[in-house]
1. Keeping to segment 351-405, report how many residues are under 15 Å from Pro36 (Cα atoms), open to solvent by 50 Å² or more (accessible area, probe 1.4 Å) and in contact with a Ser or Thr (Cβ under 7 Å, 6 or more places away or on another chain).
2. Taking segment 123-144 as the search range and keeping residues that are out of contact with any strand residue (DSSP E or B) (no Cβ under 6 Å at 6 or more places or on another chain) and of a type in the set (Gly, Ala, Ser), which one is farthest from Ser175 (Cα to Cα)?
3. Taking helices (runs of 4 or more DSSP H) that do not extend beyond segment 24-132, which have at least 3 residues that are at pLDDT 95 or above and within 14 Å of Gly245 (Cβ to Cβ)?
4. Are any residues in segment 90-124 closer than 12 Å to Ile150 by Cα and open to solvent by 10 Å² or more (accessible area, probe 1.4 Å), and if so, which ones?
5. Please verify whether segment 17-40 includes one or more residues that are polar (S, T, N, Q) and either within 23 Å of the chain's Cα centre (by Cα) or closer than 25 Å to Ala305 by Cα (or both).
6. Which members of segment 109-133 meet the condition of being out of contact with any helix residue (DSSP H, G or I) (no Cβ under 9 Å at 6 or more places or on another chain) and of a type in the set (D, E, K, R)?
7. Do we find that Leu334 is over 30 Å from Thr212 (Cβ atoms) and within 19 Å of the chain's Cα centre (by Cα) in this structure?
Amino acid sequence: MPSFYLSRFREALDGLKREGRYRTFVDLMRKCGEFPIAECVTLNGVRPVTVWCSNDYLGMGQHPAVVAAMHEALDRVGTGAGGTRNISGTTHYHVELERELADLHGKEAALTFNSGFASNDTTLATLAKLLPGLIIFSDELNHASMIEGIRHGRCEKRVFRHNDLHHLEELLGQSDPVAPKLIAFEAVYSMDGDFGLTNAMCDLAAKYNAMTYLDEVHGVGLYGPRGAGVAARDGAMDRIDIIEGTLAKAYGMMGGYIAGKAEMVDCIRSFAPGFIFSTALAPVLAAGAIASIRHLKESNTERHALHENAANLKSMFRNAGLPVMNSPSHIVPLMVGEAGLCKSVADVLLNDYAIYVQPINYPTVSRGTERLRFTPSPVHTKAMMEELVRALDDVWMKLHLQRAA
């Protein structure tokens, strides 16, 4: 490779390192049946650590019913799907999974993708092409996958201030009344941990003849009857036109999906390049997701334990004078406010206390709002939480960090 290109790559990486935003991977081996304990592999050997930043919110990635379903599928059909959904890649596991997802949300149909990112990016871009003149109204804190999908659709977009209904209505009122419109927002905003305003957004959509598109990736499995999400909790599910979700968080698997009217889902299936030309999810993943969804449709035990642990951890942080952000959801963010310091705290926790939490820096959050994001699960014990608070208290003193007001 010519030296010019290499020097440019080095400059880009050096810039990240100067800003304290250069990310390193932590080499982990989760221990099935013992999560949140994992083995951390380093040059000095292997040691156990407690994981505090996993999106496997309910520990379903190690649930016996899920593991058994995947073993059965592996023995029955082997590993990969063997093709795209159109060319030999649709197994009965995929068909059953999409039926379970449609039933979960009370929708006519569902469609699975290889990731939540792909489902957002592909669906939003394809909607823009299917609906000439579409204007998408997007919350300013929407996930990068939604932003990318809107950009790839090359349609008009209007970004409204986060959860600001007055600003959204102002933008809707200024737009062509006959143009097709879509309001895109999230159920749970994962960095601040606050909720989207489902019913109020639907009210505006009805008033201005717009569709609603709700990202439920941090809500499915965790809220509402049968874990159908925040919209179900709020009684707004039948008012949401397009639900987008993931299998990779509360369900402990991999993949993303959309659910809605059959004709809309069929159009995405038929016209979306990101779906048509992607190899299908491995059948073993679909089988595990089916088992996880079915279990959480019937069981509230995991959800109740999660919310209880999240509330307890927030209280413990506040009592210790740690700057926990005000979050009504299961997300527990701790404000640090500077990229280098945020990484330093995470490094000390890992190296000195065997506690793993990943620093959250720009561009995931705005500069000056860097934070640690804790995700307590039903399998985090009280002793683990007490150990975490003691460690954070020590690190805050060692690094002379600001306490809560």
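The values are calculated or read from the model by the stated rules, or taken from the named source; none is laboratory data. Keep in mind the model is a prediction, meaning the values are calculated, not measured. A quick note on method: Cβ atoms are made from the backbone with ideal geometry, for glycine too, and the neighbour counts reach across all protein chains shown. Just so you know, the surface numbers come from the protein's heavy atoms only, side chains and all, with ligands and any DNA or RNA stripped out. Shrake-Rupley method; radii C 1.70, N 1.55, O 1.52, S 1.80 Å.
1. Result for segment 351-405: 0.
2. Out of the qualifying residues, it is Ala144.
3. Where helices (runs of 4 or more DSSP H) fall fully within segment 24-132 and carry at least 3 residues being at pLDDT 95 or above and within 14 Å of Gly245 (Cβ to Cβ), they are 92-105, 116-130.
4. Across segment 90-124, the qualifying residues are Asp121, Thr122.
5. Checked against the condition, which is being polar (S, T, N, Q) and either within 23 Å of the chain's Cα centre (by Cα) or closer than 25 Å to Ala305 by Cα (or both), segment 17-40 yields at least one hit.
6. None; the set is empty.
7. yes
Quick grid of which residues meet (1) among the aliphatic types (A, V, I, L, M); (2) touching a residue at least 12 places away in the same chain (Cβ under 8 Å):
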position: Pro36; (1), (2): no, yes
position: Gly45; (1), (2): no, no
position: Val49; (1), (2): yes, yes
position: Trp52; (1), (2): no, yes
position: Val66; (1), (2): yes, yes
position: Ala69; (1), (2): yes, yes
